[in-house]
Amino acid sequence: MTHLKPAIGALSLFALLFAANLPAADFQQFVGSYSGSAQVESDGATRQRDMSVNISTAGKGFEVNWKSVSYKADGRIKEKEYSINFLPTRRDGIYASAMGVDVFGNPTPLDPMKGDPYVWGRITGDTLTVFSLFIDQDGGYEMQEYNRTLADGGLDLDYQRIRNGEKLKRIRVFLEKK
């Protein structure tokens, strides 16, 4: 057992040195706080949805915090809020979510086979995309895609949700930079 400690220490040092040399697309251009409102069609009616996102630097990667507030016809207000850290991978412009921790204490994506979402990010040009894949109990899937494209004064958000190949929802809105 004592022979493993130097090997684990060497592997940890190698991982740190390797990670420091990973290529990374420039997420800095997206850093900031943004908000806006969209008119969303649901159940045959159009309702307002307020949306906001904060993108910040976090260690070697970045963090995305987003919130949506839906206003129901009966006066109820439904809020959803998410926060995910992303770390660079060996592939330029592709980021792994750091929502879990492995046995060595390293950040890692969650396991979709356990019912958790598998989330990753991608930067292509002036668009930051966050993908979220859910696998349901029957082996079907739901995919959510958040494309946030730099625009004059903020971000253009293009969100879509697809379940087993069927488009369920699409929201497009401009989010003004604060």
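The values are calculated or read from the model by the stated rules, or taken from the named source; none is laboratory data. These figures come from a predicted structure and were not determined experimentally. All Cβ positions, glycine included, derive from the backbone under ideal geometry; neighbour counts span all protein chains shown. What goes into the accessible areas is simple: the full protein's heavy atoms, side chains included, and nothing from ligands, DNA or RNA. Shrake-Rupley method; radii C 1.70, N 1.55, O 1.52, S 1.80 Å.
The lone criterion from (1) among the β-branched types (Val, Ile, Thr); (2) within 21 Å of Gly36 (Cβ to Cβ); (3) open to solvent by less than 40 Å² (accessible area, probe 1.4 Å) left unmet by Ile77 is number (3). If the condition is being open to solvent by less than 30 Å² (accessible area, probe 1.4 Å) and part of a loop (DSSP other than H, G, I, E, B), then the range 90-116 contributes Gly93, Ala98.
Based on this model, can you work out whether Gly121 counts as out of contact with any Phe, Trp or Tyr (no Cβ under 7 Å at 6 or more places or on another chain), of a type outside the set (A, V, I, L, M, F, W, C), touching a residue at least 12 places away in the same chain (Cβ under 8 Å) and open to solvent by less than 20 Å² (accessible area, probe 1.4 Å)? So Gly121 does not fit the description; no. Here Lys60 passes the criteria (1) in contact with a Ser or Thr (Cβ under 7 Å, 6 or more places away or on another chain); (2) within 23 Å of Thr129 (Cβ to Cβ) except the one numbered (1).
With Asp152, Asp156 as the choices, which residue is among the charged types (D, E, K, R), exposed (fewer than 15 other Cβ atoms within 10 Å of the Cβ), over 12 Å from the mean Cα position of the chain (by Cα) and at pLDDT 95 or above? Give the steps one after another, and end with the answer.
Details: Asp156 fails: exposed (fewer than 15 other Cβ atoms within 10 Å of the Cβ).
Exactly one residue qualifies, and that residue is Asp152.
One residue stands out in the range 60-74 among those that are free of Cβ contacts under 8 Å to residues at least 40 places away in the same chain and outside any strand (DSSP E or B): the one that is farthest from Ala38 (Cα to Cα), namely Asp74. Asp116 fulfils the conditions (1) within 12 Å of the chain's Cα centre (by Cα); (2) closer than 24 Å to Tyr141 by Cα except for a single criterion, (1).
Of the residues that make up the range 128-143, is at least one under 26 Å from Gly32 (Cα atoms) and either assigned to a loop (DSSP other than H, G, I, E, B) or β-branched (Val, Ile, Thr) (or both)?
Yes, because at least one residue in the range 128-143 is under 26 Å from Gly32 (Cα atoms) and either assigned to a loop (DSSP other than H, G, I, E, B) or β-branched (Val, Ile, Thr) (or both).
On the stretch given as the range 127-149, residues that are open to solvent by 20 Å² or more (accessible area, probe 1.4 Å) and over 16 Å from the mean Cα position of the chain (by Cα) total 6. Does the range 42-59 hold any residues that are surrounded by fewer than 16 Cβ atoms within 10 Å (Cβ to Cβ), of a type outside the set (A, V, I, L, M, F, W, C) and more than 17 Å from Gly32 (Cα to Cα), and which are they? Hits for the range 42-59 are Ser42, Asp43, Gly44, Thr46, Arg47, Gln48.
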